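Structure first, then comments.
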Amino acid sequence: MDTKPLRTSRAADALTSRWTVAAGCLAAAVLTPAGGTSAGPRTGLTQSDASFAASYAAAGVRNVSSTTKRVSCYAPEVVYVTALTAGDGYPGGGITPCPGATTGEQTSDFDTQDVFNPAMLVKDKSESDLRVDPEHPTHIIGTSKWFVSAEGYNHVLGFYESWDGGRTWPVQGHIPGYEGWTDNTDPVGAFDPWGNFYALILPYEFVYTSAGGHVFNNGSKQANPSQPPEAISVAVRPAGKTSATAWITTHDGHSDHVFTSKTDNANTPDKQWITIDRNARSAHYGRVYAMFTQFVLNPSRILVSYADARPDGTHTDWSVPQVLPSVPGKPFDTYLLPHVAPDGTVYTTTTNNPVAKGFLNNDISLVWSTDGGVTWQGPLPVVTNVQTPTYQNTTFSEGIVNSFGLGSQIVNGRYPLYVTYEDQDPTGLSNVYITGSFDGGATWTVPTRVNDNTAPTEALQPSVSVAPNGVVTVGFYDRRLPCPSRGDTDYARSGVAFDPLTPDGRTNYCINTAIQFYSPTLAPLGMNVRLSQHTWDPQLNAPKRFSIAGTTTFIGDYFGVDSGGGFTYTTSVSTFDYAGENPDHYQQQIVARIATPPARR
């Protein structure tokens, strides 16, 4: 961990000239006709690898290894003991009994479980979300997958909390209430107007084959017949609570389910997301919107349910899930990413593609509601023919291809909409693009490439967010810098020596987190900034997504980006051993903090 103090507002002011000069180089945004855009994207500015590498220090970024400060444990519903070795890229081995949790969380005897397994050590934390409390911007909650077995893909969701703007993360642990399922997945959350934090959770059940595969049974054959096979569920952390166990996980005396599935291999819910109306002048102030996809064998349908939050952390009953509009004749929508405008309008993008992964063309559209989610309009096309990338050189796989953001300050009479996405170019490399709409989604700017590398390499998994001052932030994973080589200062702590693919010195392999800032009208504010202090290897302790015998691994579909109090934060994966706290190179969450630049229109 970098122990230097986080940057101050005075240091932020020192960077203003850098951003201002770059903003002056932008040509005016180009709008496409109504009906979205399929026009070829524009290539933005570029910078050298050396400049990108130096930008971490030049921009005054600070990193904190947030999830390594406490020992977290829980008793999994299903124990998976088969282990991969250090020679396989898993220096810490397999599942490990709890050495003694230091989080204060409950570690066993959970109400939803039907077994009494021993508590196990949480090792890896990948895929993440992060939210800055709008009323108290030094209060931040991050959430991520919380693995006791990367090989077995055995995890619940965990959280880590800061009250000092990300300097320290004294409270963390698994999010309680849904331990009776094999996995809890897809971390995402939102603060309500009273400072209560809502986590939207996908608990699901499976058992293991003798070869380490996952079997999704129904009825009495499932892992825990006392619980629904799959659900979309909620846990609420009430405002002001400081203990790891202080969560509300029930509603009217039962688990707080938005939606449940009676089977585990059809009618499957997935890809849930959440937003809350925090706009005091809205007719639906405090309304919580939960969106998710239901995969019905091969086709899918997209749904929304809502409830009204109360100041004490409770809420009204969830509405009956309602099917959202989609493109007629194409029942393959997924990836819902809702936001609420200051006037109460709820917007979300939808991504239309078949359920099967690999070499897919995606069409991104926009739907919206002006009456609190009762009725919906759209879809309007945003961008078409986006090809799902297949990442090169490594084994981690793709998931969500796009992200959606909404500005809270009016531009040209409307609240601006922003979509960022990754697309595979003709050479097979993944690049990140951004497009915006300033007329409610009727027209969109010609997409511009976000990653500014000069040599061919990959950028992936973008997340877009809009700061309170209107600045647009796009965080993404970047692979331009080489992996450490023998003799390099970072070599020993990188863990590259444990990687059986021997990536020493290779480019387009190891990863850094990067960010690009834009004005509200999408003028770039400077170049890409490196947010990782150290380059890391995604093959180490990589969760086996489908089977221990399979080759597909995972670092997540997305990572968290949010802003508040003059700063922008990301929480993203690293296997680097920052200060001796991660010698086994588990996938941990590194929180980066950088000053948000002033907006330039």
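Keeping all protein chains in place, calculate the accessible area per residue for the range 377-432 (probe 1.4 angstrom), answer in Å². Could you put the intermediate results ahead of the total?
Values: 1830 Å² over 56 residues.
Accessible surface, normalised per residue, equals 33 Å².
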Could you check the simple spin-label distance between Thr263 and Asn117, using points 7 Å along Cα→Cβ, in nm with one decimal?
2.6
Mind checking which lysines have their C-alpha under 26 Å from Lys544, skipping anything on the same chain fewer than 8 residues away?
Lys69, Lys123, Lys125, Lys145, Lys221, Lys271, Lys357
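Probe of 1.4 angstrom, ligands and nucleic acids ignored: what's the accessible area per residue over the range 76-166, in square angstrom? Numbers along the way, then the final one.
Values: 2940 Å² over 91 residues.
I get 32 Å² per residue for this part.
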Run through the range 436-541 and list the trypsin sites (Lys or Arg not before Pro) located in a DSSP loop whose Cβ has at most 11 other Cβ atoms within 10 Å.
Arg486
I'd like to check one number: the per residue accessible area of the range 296-368, probe 1.4 Å, reported in Å² as a whole number.
39
Largest to smallest accessible area among Leu501, Leu429 [probe 1.4 Å]
Leu501, Leu429
Extension reserve of the Asn469-Ala50 stretch, reckoned as 0.36 nm per residue once the Cα distance is removed:
147.8 nm
With a 1.4 Å probe and all protein chains kept in place, how much accessible area does Met291 have, in Å² rounded to the nearest 10?
0
Taking a probe of 1.4 angstrom, what is the accessible area of Glu105 in Å², to the nearest 10?
20
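According to the square roots a ≥ b ≥ c of the eigenvalues of the Cα gyration tensor, what is the shape class of the range 49-149, taking rounded for a/c under 1.5, prolate for a/b larger than b/c otherwise, and oblate for the remainder?
Values: a/c = 2.96, a/b = 1.49, b/c = 1.98.
Oblate, since a/c reaches 1.5 and b/c is not below a/b.
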I need the phi-derived Karplus couplings for the range 432-444: 6.51 cos²θ - 1.76 cosθ + 1.60, θ = phi - 60°, integer Hz, Gly and Pro marked x.
10, 10, 9, 9, x, 10, 10, 9, x, x, 5, 10, 9
So what are the ³J(HN,Hα) numbers for the range 133-147, from phi and the Karplus equation (6.51, -1.76, 1.60; θ = phi - 60°), rounded to whole Hz, Gly and Pro as x?
5, x, 7, 9, x, 8, 9, 9, 10, x, 9, 7, 5, 10, 8
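Go ahead and estimate [θ] at 222 nm for the chain from helices alone: -39,500 (n - 2.57) per DSSP H run with n ≥ 4, summed, over the residue count, rounded to 500.
Details: 4 runs with 28 residues, N = 601.
Dividing the helical sum by the residues of the chain leaves -1000 deg cm²/dmol.
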Keeping all protein chains in the complex and leaving out DNA, RNA and ligands, what accessible area do you get for Cys73 with a 1.4 Å probe, in Å² to the nearest 10?
0
Between the range 227-294 and the range 393-424, what is the separation of their alpha carbon centroids in Å?
23
Which shape class, rounded, prolate or oblate, goes with the chain when its Cα gyration tensor gives a ≥ b ≥ c as root eigenvalues, a/c under 1.5 marks rounded, and past that a/b bigger than b/c marks prolate?
rounded
Given the C-alpha centroids of the range 464-525 and the range 126-193, what is the distance between them in whole angstrom?
22
Quick check: at a probe of 1.4 Å, how many percent of the accessible area of the chain sits on carbon and sulfur atoms?
54
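The values are calculated or read from the model by the stated rules, or taken from the named source; none is laboratory data. These numbers come from a predicted model, not from an experiment. With ideal geometry, Cβ positions are generated from the backbone for all residues, glycine too; neighbour counts draw on all protein chains shown. Please note that ligands, DNA and RNA were not included when accessible areas were found on the heavy atoms of the full protein model with its side chains. Shrake-Rupley method; radii C 1.70, N 1.55, O 1.52, S 1.80 Å.
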